[in-house]
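Q: To start, I am sharing the structure in question, which I have written as C-alpha cells.
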Amino acid sequence: MIRKVLTTAALIAGLVSPAMADPLAKDVFGHFSGASQGPAVSIGFYSKGCGQGFQQLPESGPSWQAMRLSRNRNWGHPELISFLVGLSQAAQQAGWRGLYIGDISQPRGGPMISGHASHQIGLDADIWMLPPSSLNLTPAQRESISSVSVVASGGTQLSSNWNPGHMAIMRAAARDPRVERIFTDPVVKVAMCQMERGDRSWLRKVRPLNGHDYHFHVRLACPRGSICQDQDPPPPGDGCDEAVEWIRNRIDPSRVEPVPPDPDYRHPRSYRLSELPNQCHTVAAAP
C-alpha cells in the first residue's frame, strides 16, 4: 500500500520529518499498482504531471503485445490506448504482425523511479522498431527480448533492420490528428524525408532526437476534458533540414558550440510531491 499524503499538522506536531511530509513524487507514483477512479484526466505537462482514470493496455491483443510487463508502465489515457490499438492494426496493413509496445505511463502517471523524464500524463508511448516475430511471447520472453536499432554504427545511415513498414507505421501515426509529436533518430527522419513523394505535411510532427533508434516515441495532444499544459507547436516547415544538421554535427562535433549546463535544471525524478500540480495531490491520496 502506498502511504497517504501526510499533513502539515503532523509535521508541526513533530511526528514526521519534512521529507516524509513531502516525499519525492517518484516514490509516491512509482509504487501504485492501479489507476485512481474517476473520469480520465491528464494533468500538468508531459514531464511534470500525473493522471486520473487511466486505462491499462491489455498485455496482449490480436495486433500488439505490451513489453517489459514487470515495470507496470502499460497505462495511459484511454485516448492513447485507443490510438495504440488502432496503430497496431495499421502495422498489420503495412505488412507487420503488429506492434511491440514499450513504456507508456505508470497507473497514475507521475515521475518514474527510473528512466523517462516524460511519460507522466498518459499521453506518451514508446513503440519498438523490432517487427514482431510472434504475438504469443510469454512474460519472461518479454523481459529478455530486445528491440533493434534501425541506424547503422556511426549514426549516419540506416541499418539493415530498416524496412518499409517503419515508414508506413510512423506516417500513419503522424497523420492521426490526435498526435502532437513523434520523436525518432535524425537518420530516420532524413530517410523518410527522402522517401516521401506525396504529401509532406505529416513530416512536420516527426522531430529528430538522439536515443530513439531502437524505438520511436509518440506523443498525443491534450485530450478534451483534461487539464494539460500545451506544448509549443513544431516549427514551420517539414523539419528535414534541421535533421540533416543533426547528422552533420554527429560527423563533425566541432560544428557545435558547447552549451554550458543549466544550473537550474532538475531531472523530473527529483521533484517532490508538492511541486506537481495540486490535482496530483488528490490523485496520490485517492484509494
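The values are calculated or read from the model by the stated rules, or taken from the named source; none is laboratory data. For clarity, every value in this text was computed on a predicted model and none was experimentally measured. Note that each Cβ is placed from the backbone with ideal geometry, even for glycine, and that neighbours are counted across all protein chains shown. Only protein heavy atoms, including side chains, enter the accessible area calculation; ligands, DNA and RNA are left aside. Shrake-Rupley method; radii C 1.70, N 1.55, O 1.52, S 1.80 Å.
Q: Does ALA168 count as surrounded by fewer than 18 Cβ atoms within 10 Å (Cβ to Cβ), of a type in the set (Gly, Ala, Ser) and either modelled with pLDDT of 95 or more or not in a loop (DSSP other than H, G, I, E, B) (or both)?
A: yes
Q: Looking for something among the basic types (Lys, Arg) and open to solvent by 60 Å² or more (accessible area, probe 1.4 Å) - is there at least one such residue anywhere in segment 210-223?
A: no
Q: Follow-up. Of the conditions (1) modelled with pLDDT of 95 or more; (2) more than 30 Å from GLY30 (Cβ to Cβ); (3) of a type in the set (Gly, Ala, Ser), SER254 satisfies every one except a single condition; which number is it?
A: (1)
Q: On to the next question. So, restricting to strands (runs of 3 or more DSSP E) that lie completely within segment 19-71, which ones have at least 2 residues that are in contact with a Cys (Cβ under 8 Å, 6 or more places away or on another chain) and touching a residue at least 40 places away in the same chain (Cβ under 8 Å)?
A: 41-45, 48-52
Q: Restricting to segment 228-261, what's the tally of residues that are open to solvent by 90 Å² or more (accessible area, probe 1.4 Å), among the small types (Gly, Ala, Ser) and in contact (Cβ under 8 Å) with a residue 12 or more places away in the chain?
A: 0
Q: Looking only at segment 187-218, count every residue that is in contact with a helix residue (DSSP H, G or I) (Cβ under 9 Å, 6 or more places away or on another chain) and in a strand (DSSP E or B) and tell me the total.
A: 5
Q: Residues being touching a strand residue (DSSP E or B) at 6+ places or on another chain (Cβ under 9 Å) and over 14 Å from GLY30 (Cβ atoms): count how many of those fall in segment 267-277.
A: 2
Q: Do we have ALA94 as open to solvent by less than 40 Å² (accessible area, probe 1.4 Å), aliphatic (A, V, I, L, M) and either over 23 Å from ARG219 (Cβ atoms) or in contact (Cβ under 8 Å) with a residue 60 or more places away in the chain (or both) here?
A: Answer is yes for this residue.
Q: Could I ask something else about it? Which numbered condition in (1) within 26 Å of LEU273 (Cα to Cα); (2) among the basic types (Lys, Arg); (3) open to solvent by less than 50 Å² (accessible area, probe 1.4 Å) is the only one that ARG71 fails?
A: Looking at each condition in turn, ARG71 falls short on (3).
Q: Still on this structure: Only one residue in ARG142, ARG181 is charged (D, E, K, R), in contact with a strand residue (DSSP E or B) (Cβ under 9 Å, 6 or more places away or on another chain) and more than 28 Å from PRO236 (Cβ to Cβ). Which one?
A: One residue alone meets the criteria, ARG142.
Q: Same structure again: Would you check which residues across segment 33-59 are surrounded by 22 or more Cβ atoms within 10 Å (Cβ to Cβ) and of a type in the set (Phe, Trp, Tyr) and list them?
A: TYR46, PHE54
Q: Would you mention how many residues in segment 113-160 are part of a loop (DSSP other than H, G, I, E, B), over 30 Å from CYS280 (Cβ atoms), open to solvent by less than 30 Å² (accessible area, probe 1.4 Å) and of a type in the set (Val, Ile, Thr)?
A: Counting residues in segment 113-160 that are part of a loop (DSSP other than H, G, I, E, B), over 30 Å from CYS280 (Cβ atoms), open to solvent by less than 30 Å² (accessible area, probe 1.4 Å) and of a type in the set (Val, Ile, Thr) gives 1.
Q: Against the condition outside any helix (DSSP H, G or I), out of contact with any Leu (no Cβ under 9 Å at 6 or more places or on another chain) and not aromatic (Phe, Trp, Tyr), how does PRO223 come out, does it pass?
A: Spelling it out, it is not the case that PRO223 is outside any helix (DSSP H, G or I), out of contact with any Leu (no Cβ under 9 Å at 6 or more places or on another chain) and not aromatic (Phe, Trp, Tyr).
Q: While we're looking at this one, here's another question. Looking only at segment 102-112, which residues are assigned to a loop (DSSP other than H, G, I, E, B) and touching a strand residue (DSSP E or B) at 6+ places or on another chain (Cβ under 7 Å)?
A: Result: GLY102, ASP103, ILE104, GLN106, PRO107, ARG108, GLY109, GLY110.
Q: Something else: So is ASP264 surrounded by fewer than 19 Cβ atoms within 10 Å (Cβ to Cβ) and modelled with pLDDT of 95 or more or not?
A: So ASP264 fails the test.
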